[in-house]
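Reviewing the structure listed below.
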Amino acid sequence: MSEQPLLRIEDLHVDYRPRGGAPAAHAVRGVSLTVRPGEFVSVVGESGSGKSTTVHAALHLLPDSARARASALELNGLDTTGWGDRRLARLRGPFVGFVPQDPGTSLNPVKRVGIQVLEALRLHRRIDAGAARELVLAKLESAGLRDVDRVYRQYPHELSGGMKQRVLIAIALANDPALLVADEPTSALDVTVQKVILDRLAELRSTLGLGVLLVTHDLGVAAERSDRLIVMQHGRIVEEGPAAALLAAPQHEYTRKLIAAAPSRRSERLAPARRVPGNVTPRDRAAQPAASVPTLLRVHELSKSFGGVRAIDGVSLEVTAGTTHALVGESGAGKSTIARIAVGFTTADSGEVWVEGTRITGLSRRQLRPVRRRIQFVHQNPYSSLDPRFDVEQIIAEPLVSLGLSSGTARRERIAGLLDAVALDRSFRGRKPAELSGGQRQRVAIARALAADPRILVLDEAVSALDVSVQAQILQLLVDLQQSQGLTYLFITHDLGVVRLVADDVTVLRAGRVVETGTVVGVFADPADPYTRDLLAAVPGAEVALATSA
């Protein structure tokens, strides 16, 4: 490797200064790191540990409320301290590409995808008009996208979260930079597309010497792909070293905690932390005769097209009472479309949905209101699914108000009980979403979904945006709530490690069709379809992920 680092940060400190004279928040404290040509460095740690702030500071992308100071902030050997945007623009793109965390807010909603990739190219090079389209299509395809002619013409709102993330990766790599800085670039991607992207980065590392600085909560990715790991807690680096050695023998207690929480390191289904007398666990229920366990959610031969493109095609599945049924597949496979049809947010072109024996297909909004109490939805993104103007109490009260379920003292008591149920202190009731961490926001979202006392929760990638320790807490919370309240889950995820921890049954989707369904133990141990085998083989740390407990 070259002696000169592509990126060098020395003794970085970052403070956030809130309005109103509140004390400064110390986000980063004395962080130093380097990335050399061809090196893959991952930064891991819980939400709020300072990971994203560190990489934003390195690229001078911090908000005005932040104050950064460092002994050195170097890109390609140049000290960029005090540089303005015009000067930095010479390095952003041609030398360093950046993939932001949130694909939902990082693309221009009024411009077609192809135009946005083309703009990134034209900022730094002259492109012949005739060759421009072909070059953009090649960039989109190299980021793992299929049917790139169609994607080129689409707007961001027409893409799934994973597809948006791949567009951002295409933009970041458009000008063949020497350094890629990526903030959670694979958290919204299914395992097969994640593998395509990571394999592409590995190819660029070997052929062009691409250096990668990756912020991630996925220890499977970090373990499999990184040369070095940097572990951060409370704004400080608590441990760093070669990835294999650090994971095999972590020295710091916090590192050991993160490793223990990773789904790829756990092989048995999560058990409730506390058994409620008289209630049965999903495993107990699985031992009962099939005829004695009712089906609470059934979808039959669902089909749906958008703009002439078939999103789902003849999908059928059943979710039995008190169990968790996982729906997995690549981004764009139709998982979220099925979820939205199941709760009545979207209508199907054909097919039927039954909720607790009630056929909801074709019902009007007024007729659906009683069904809303029985089935509730938890969105993927805890940052965008909560109204920023409301405090926690108002957010949780939304379904109570809209369904006219309670008022006054009874409503306040119900909200207090829901905060207790999701393990949030009652003092949080007056806080707004901006004052909560990602895990706390997702707990609020779950409490809101529980407010109407439903029998079924549909969870659309409800833990994919969370770091591993918070993810472990939310998964345990869901298992405990299922046991204590008898809940039934339709659990949508691209993380097969999470499926193994919480689900009883699994349906695998590909291009809108069911390719395989069965128990998690049976499907994971002996997948019948080649596509399912490919999904399992693509899991980072596949030898761990394939370990299954009956």
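The values are calculated or read from the model by the stated rules, or taken from the named source; none is laboratory data. Just so you know, these numbers come straight off a predicted model, no measurement behind them. Glycine gets a Cβ as well: all are built from the backbone with ideal geometry, and neighbour counts include every protein chain shown. Only protein heavy atoms, including side chains, enter the accessible area calculation; ligands, DNA and RNA are left aside. Shrake-Rupley method; radii C 1.70, N 1.55, O 1.52, S 1.80 Å.
Ranked highest first by average number of other Cβ atoms within 10 Å, how do 445-452, 514-521, 525-532 line up?
Listed from highest to lowest mean packing, they are 445-452, 514-521, 525-532.
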What number comes out for accessible area per residue over the chain if the probe is 1.4 Å? Units Å², please.
43
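Could you calculate the contour length gain from Lys111 to Glu413, that is, 0.36 nm times the residue separation minus the distance between their Cα atoms, to one decimal place in nm?
Value of the extension gain: 104.0 nm.
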Surface share of carbon and sulfur [accessible, 1.4 angstrom probe, percent] for the chain:
49
Calculate, in whole percent, how much of the Cα-Cα pair population of segment 1-134 lies beyond 17 Å.
67
Please state the charge dipole magnitude for the chain, taken about the Cα centre, from unit charges on C-beta atoms (+1 on K and R, -1 on D and E), reported in debye and rounded to the nearest 20.
1520
Please express the Cα-Cα pair-distance distribution P(r) of segment 334-476 as a list of whole percents, one per 5 Å bin, running from 0 to the bin with the greatest distance.
2, 10, 19, 20, 20, 15, 9, 5, 1, 0
Residue farthest toward the positive end of the dipole of the chain, with Cβ of Lys/Arg at +1 and Asp/Glu at -1: which of Leu88, Gly362, Gly162?
Gly362
Residue (of Phe98, Leu229, Gln116) at the positive-pole extreme of the chain, dipole from beta-carbon charges
Gln116
Distance from segment 472-526 to segment 348-389 (C-alpha centre basis), Å:
20
Structure-based [θ]222 nm, the chain - -39500 (n - 2.57) summed over DSSP H runs of at least 4, per residue, nearest 500:
-10000 deg cm²/dmol
So the angle from the long Cα axis of helix 438-450 to the longest Cα principal axis of the chain, reported in degrees to the nearest 10, equals 20
Computed over the chain: longest principal axis from alpha-carbon atoms vs helix 161-172 long axis, angle to nearest 10 degrees, is 0
So what's the net charge close to Arg412: Lys and Arg +1, Asp and Glu -1, counting the other residues with Cβ under 12 Å from its Cβ?
+2
So what's the net charge close to Glu461: Lys and Arg +1, Asp and Glu -1, counting the other residues with Cβ under 12 Å from its Cβ?
-2
Can you pull the one-decimal nm distance between simple spin-label points at Arg256 and Asp425, each 7 Å off the Cα toward Cβ?
2.8
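Whole number please: convex hull volume per residue, Cα atoms of segment 361-438, in Å³.
119
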Which of rounded, prolate, oblate describes segment 114-183, given a ≥ b ≥ c as roots of the alpha-carbon gyration tensor eigenvalues and a/c under 1.5 marking rounded, otherwise prolate only if a/b is larger than b/c?
oblate
